[in-house]
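Below is one structure, written out as structure tokens; the observations come after it.
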Protein chains: 2
Amino acid sequence: MQRTSFADMQCPIARSLERVGEWWSILILRDAFRGLRRFDEFRTSLGVAPNMLTRRLNALVEAGLLRRELYCAHPPRHEYRLTERGKDFRPILLALLAWGNRHFSPEGPSVVLVDIDSGAPIDPVLVDRNTGRPLEPGSYTTIPGPAAKSPAGARPGRTKERLRRPSAGARRERERRHERGQMR
Amino acid sequence: MQRTSFADMQCPIARSLERVGEWWSILILRDAFRGLRRFDEFRTSLGVAPNMLTRRLNALVEAGLLRRELYCAHPPRHEYRLTERGKDFRPILLALLAWGNRHFSPEGPSVVLVDIDSGAPIDPVLVDRNTGRPLEPGSYTTIPGPAAKSPAGARPGRTKERLRRPSAGARRERERRHERGQMR
């Protein structure tokens, strides 16, 4: 249920979800990476109602992740191709795939990522392109960027501690609120 | 609108979305990584209706991403902590953050990932943990895993070509369907 727009939120995660924060959209992108392009291909793959599919495809085109391309003039027929922005969604899908395999495949994985040359299984990990350092707890932090204008989602200075747990001040404030009966 | 359950789908992406394929859930996880733990903290951060927040928190607990922990016995008060499964969601959030910064921050990023030691900006990239090779088009493919039992989402053998575009056979079938007027 997407009753709220997150477009005004500054957080880049919220803004991303504004465009794809819905099952069907992400599964459509998954299928687009698998080579599907046409309405009926998506419909068959997903088993989704046509009106829902139309809405999601249009939203993905509007958000610039897919583009419609005429492949037949008479009668006019379109197919949907990933844009550069859509292709950039690849790491998120791969991370979801790895997470799903790890946590929701009690019977073993049904889809395995392998190296195209060696065929060896791939264990995807996020690293810093510049240093090769894995992005693990304690190796990175977030700071406000040039466009930050409110404290929502980012605070000045090193926020690592805050990423882990609220500051002592926040905890004290919480205790005070708790004493006033505002916490649940 | 989550009217369909994807739990029966074999695809690990679909199974992951079953658990978190909804804006609020992902933003709750984002906030949990930022150190938020209590109902009112999430409510204040997200501006979400309490009944919706309750539903999403319960769903995340049920899916094993958060656990409820008593922090006050009289009156009973709970907070929500990331489980190991929840913590494993980190790469997906970071990939969403990077994608959002790249594509939906026309005014410049509001949140920047930096190395905790050097303070240098981080450019997250997904690599194979074993080889360090970036997961870019043409470097990997997917194959059916031990639990694969249907052609949905995976086909035997190297599927790289299929990931890129349908096979010649599929294209011919498409042409036939198109001639019968089934394509749109």
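So here's what we get for this one:
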{"quantity": "Filtered residue count, the stretch B:98-122, keeping only those that are free of Cβ contacts under 8 Å to residues at least 24 places away in the same chain and surrounded by 14 or more Cβ atoms within 10 Å (Cβ to Cβ)", "calculated": "17"}
{"quantity": "The one condition in (1) in contact with a strand residue (DSSP E or B) (Cβ under 7 Å, 6 or more places away or on another chain); (2) closer than 16 Å to B:V125 by Cα; (3) surrounded by 21 or more Cβ atoms within 10 Å (Cβ to Cβ) that A:V125 fails to fulfil", "calculated": "(3)"}
{"quantity": "Residue within the stretch B:105-113 that is at pLDDT below 90 and at positive phi present", "calculated": "yes"}
{"quantity": "Check on B:S16, part of a loop (DSSP other than H, G, I, E, B) and not aromatic (F, W, Y)", "calculated": "no"}
{"quantity": "Restricting the stretch A:122-138 to residues that are at the interface with chain B (Cβ under 7 Å from one of its Cβ atoms) and within 29 Å of B:T44 (Cβ to Cβ), the residue that is modelled with the highest pLDDT", "calculated": "A:L135"}
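The values are calculated or read from the model by the stated rules, or taken from the named source; none is laboratory data. Keep in mind that this is a model prediction, so the values were computed, not measured. Methodologically, a virtual Cβ is constructed for each residue, glycine included, from the backbone with ideal geometry; neighbour enumeration extends over all protein chains shown.
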